[in-house]
Amino acid sequence: MIVIYTGNGKGKTSACIGHAVRAAGHGIPVAFGQFIKRYGCAGEQAFLHNLLKTRFHAKGKGFLFKRQEDMEQHQKAARELLDWALDMVKEVKILILDESLYALNAELISNEDIKQVMAACAQNETHLVLSGRYAPEWLIDEADTVTEMHPLKHAFSKGIPAQKGIDF
Ligand code: ATP
Ligand code: MG
């Protein structure tokens with residue numbers, strides 16, 4: 001199965017964390033990769049690292065401003081995470097790639113890269129969960145379950161900054 005969480009509303013990463021917890025509760029081998037975000041920037045990372053050990057990998061360079069000089073480093077980090085994910089496919093039954101769609105939209109990874117992961121998952125009968133803003137149409141067509149988070153309101157628009165434990 002391919003499951004997608006996309007859209008501009010809050011809850012995509014939270015949904016991915018939920019899948020990891022749910023799968024681990026069943027004793028199903030699960031791997032969780034996080035694009036863009038650097039290790040140590042969000043509470044779920046230490047928890048998932050404890051839960052999943054080497055099957056958790058956050059490999060990002062932090063916020064992406066699309067400055068040319070940064071792009072190479074961002075792409076390198078994304079490439080490394082992708083290679084890790086392709087290794088993981090062989091040993092898990094659920095692969096979660098948080099912010100992978102954001103990385104795709106930012107051109108850190110390509111459609112071909114995602115297709116390669118999809119093919120590997122299909123071959124190994126591994127479920128694939130992808131998240132991030134801006135899921136492309138072709139991927140929505142390919143996926144089995146797609147949820148779009150839509151913000152009815154978000155505290156940020158009232159000027160409330162990101163809250164520890166809620167937003168990161
Ligand atoms: P979460 O990590 O809380 O599950 P998310 O993964 O859906 O949210 P992202 O698009 O990855 O959200 O954005 C990351 C951060 O931006 C989170 O702190 C989230 O609370 C915040 N955020 C999400 N949606 C909005 C929005 N519509 N306006 C402002 N901030 C938002
Ligand atoms: Mg997110």
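Among all residues of region 58-65, there is none that is at pLDDT 95 or above, outside any helix (DSSP H, G or I) and away from ligand 2 (no atom under 13 Å from the Cβ). Pairs meeting the criteria (first residue in region 142-168 and surrounded by 13 or more Cβ atoms within 10 Å (Cβ to Cβ), second residue of a type in the set (Phe, Trp, Tyr) and modelled with pLDDT of 95 or more, beta carbons under 7 Å, at least 6 apart or on different chains) are Thr147/Tyr5; Met149/Tyr5. Right, Arg22: at pLDDT below 95, within 16 Å of ligand 1 (Cβ to nearest atom) and of a type in the set (D, E, K, R) or not? No. In region 25-48, the residue that is farthest from ligand 1 (Cβ to nearest atom) out of those that are in a helix (DSSP H, G or I) and crowded, with 21+ Cβ neighbours inside 10 Å is Leu48. Quick one: would you say Ala46 is out of contact with any Leu (no Cβ under 9 Å at 6 or more places or on another chain) and hydrophobic (A, V, I, L, M, F, W, C)? Considered against the rule, which asks whether it is out of contact with any Leu (no Cβ under 9 Å at 6 or more places or on another chain) and hydrophobic (A, V, I, L, M, F, W, C), Ala46 comes out as yes.
Rundown of residues vs (1) within 15 Å of ligand 2 (Cβ to nearest atom); (2) surrounded by 22 or more Cβ atoms within 10 Å (Cβ to Cβ); (3) not hydrophobic (A, V, I, L, M, F, W, C), yes/no style:
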residue	(1), (2), (3)
Trp84	no, no, no
Asp87	no, no, yes
Glu99	yes, yes, yes
Ala106	yes, no, no
Ser110	no, no, yes
Lys115	no, no, yes
Met118	no, no, no
Leu128	no, yes, no
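I need the full set of residues from region 99-158 which are away from ligand 1 (no atom under 16 Å from the Cβ), among the small types (Gly, Ala, Ser) and in contact with a helix residue (DSSP H, G or I) (Cβ under 8 Å, 6 or more places away or on another chain), in order please. Once the filter is applied, which keeps residues that are away from ligand 1 (no atom under 16 Å from the Cβ), among the small types (Gly, Ala, Ser) and in contact with a helix residue (DSSP H, G or I) (Cβ under 8 Å, 6 or more places away or on another chain), region 99-158 yields Ser110, Ala120.
The values are calculated or read from the model by the stated rules, or taken from the named source; none is laboratory data. Everything numeric in this text was worked out from a predicted model, so none of it was measured. All Cβ positions, even for glycine, are placed from backbone atoms using ideal geometry, and neighbour counts span all protein chains on display.
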